[in-house]
1. Considering the options Ala48, Tyr24, Gln60, tell which one lies farthest towards the positive end of the dipole of segment 3-74, charges being +1 on Lys and Arg and -1 on Asp and Glu at the Cβ, about the Cα centre.
2. Kindly state, as a whole number, the per residue volume in cubic angstrom of the convex hull around the alpha carbon atoms of segment 3-74.
3. Given Cα pairs under 8 Å that are at least 6 residues apart, what percent is the relative contact order of segment 3-74?
4. Taking the Cα centre of segment 3-74 as origin and charging only Cβ (+1 Lys, Arg; -1 Asp, Glu), how large is the dipole, in debye to the nearest 20?
5. If neighbour count is taken as other Cβ atoms inside 10 Å, put Ser34, Ser102 in order from fewest to most.
6. Tally Lys/Arg at +1 and Asp/Glu at -1 over every other residue whose Cβ is under 13 Å from the Cβ of Ala7; what's the total?
7. Tell me the net charge near Tyr52. Cut-off is 14 Å between Cβ atoms, Tyr52 excluded, with +1 for each Lys or Arg and -1 for each Asp or Glu.
Amino acid sequence: MKLREAASTIFALTAILPLLVFVYFMWRFGLLESTEAQLGIFFALAIALLGYILFRRLTQRVADLGRALGQAVAVPAAPVEKNAAPRGRRPRARRRRRWPASAR
């Protein structure tokens, strides 16, 4: 099972399923006819869907990061010497830049 599919299943079990159970009990006890209850359920569903969209984007980023990390580990980089100079050239000494006394 891919990461996105697992994330969708977890989200459905933790956010949408309790909301559906709540709607069932509201309907069963005859409380679903009030406008306030309908608006509350609508806003709860809208927030749950917004959370789902954000959660999917987050899992996509994590999956991309894991894929990039796996590719970086799979391809070893060539060793580079820290103070190596190109052949035929001597490394230049870095001079420290001195500012005029008026700028200090």
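1. Positive-end residue among those listed: Gln60.
2. 57 Å³
3. Numbers: 22 pairs, mean separation 35.1, N = 72.
Once divided by the residue count of segment 3-74, the mean separation gives 49 percent.
4. On the way: 6 positive and 4 negative charges, 66 e Å.
For this selection, approximately 320 debye.
5. Working: Ser34 11, Ser102 5.
In order of increasing Cβ crowding within 10 Å: Ser102, Ser34.
6. +4
7. Net charge around Tyr52: +2.
Throughout, read-outs are computed from the coordinates displayed, never taken from laboratory work. Bear in mind the structure is a predicted one, so any value in this text is a computation, not a measurement. Counting neighbours? That spans all protein chains shown, and the Cβs are built from the backbone with ideal geometry, glycine included.
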